[in-house]
Amino acid sequence: MIDEITQDAADRMDKSINALGSAFNKIRTGRAHPSILDGVMVEYYGSPTPINQVANVNIEDARTLSIAPWEKNMVVEVEKAILKSDLGLNPATSGDLIRVPMPALTEETRKGYIKQAKQEAENARVSVRNIRRDANSDLKELLKEKEVSEDEERKAQDLVQKITDEHIAKVDKLLASKEAALMEI
């Protein structure tokens, strides 16, 4: 029973770390990366569809993305969706290919993105701590039901704390690498 609780907590904490990773992918650095457009939805025959489901998104060079819609009539829709997105990107269309140059980040925008990254990291830390709280309350419930001894419950809480500390360290490491990527010129 204790193993199930600790394993469940570790799995849920891993999911929080993965969610943080995808949130960080949406914060753009100065370099071009296809994941920047992950949140962009294109109007495809009346329904919003992720851009990577209507077009190929490739890296042309360090600061340019190229988007090749699979259908010719989608070029205008993809361009509109990129302009509407909150990313501050200006696509340039040439025939069937859309090029999206990544503007250089100013000091001010870098600081804004770092602030956003810190907020995402804090949200991940809160999520990990909430999972710890849930696991500890499950352990206390087992103790109350007399399914485990006090010593077993204490050891399990120590294990949950150790797992929590490891995941908080992962969050801090991800944040440090994202900050370094943002400050890179």
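Computed from the coordinates by the stated procedures, all read-outs in this text should not be read as laboratory data. Keep in mind that this is a model prediction, so the values were computed, not measured. Glycine also receives a Cβ, built like all others from the backbone with ideal geometry; neighbour counts cover every protein chain displayed.
Tabulated results
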| read-out | value |
| --- | --- |
| In degrees, nearest ten, helix 107-144 long axis to first principal axis of the chain (Cα) | 30 |
| Qualifying chymotrypsin sites (Phe, Trp or Tyr not before Pro) for region 1-81 [loop in DSSP, other Cβ within 10 Å: at most 11] | TYR45, TRP70 |
| Trypsin sites (Lys or Arg not before Pro) restricted to region 53-115 and DSSP loop, no more than 16 other C-beta within 10 Å | ARG63, LYS72 |
| Candidate lysines - alpha carbon under 22 Å from LYS144, same-chain residues fewer than 8 apart omitted | LYS155 |
| Relative contact order (%) - region 1-158, alpha-carbon pairs under 8 angstrom, separation at least six | 23 |
| Rel. contact order, % - alpha carbon contacts under 8 angstrom, at least six apart, region 34-101 | 28 |
| Cross-link reach list, aspartates and glutamates versus LYS115, counting only Cα pairs under 16 Å and skipping chain neighbours closer than eight places | GLU107, ASP172, GLU179, GLU184 |
| Those trypsin sites (Lys or Arg not before Pro) in region 118-185 that DSSP places in a loop and that have at most 11 other beta carbons within 10 Å | LYS146 |
| Angle in degrees between helix 150-183 and the longest Cα principal axis of the chain, rounded to the nearest 10 | 20 |
| Those lysines that a straight Cα-Cα span of less than 29 Å connects to LYS118, excepting residues fewer than 8 apart in one chain | LYS15, LYS26, LYS84, LYS162, LYS170, LYS173, LYS178 |
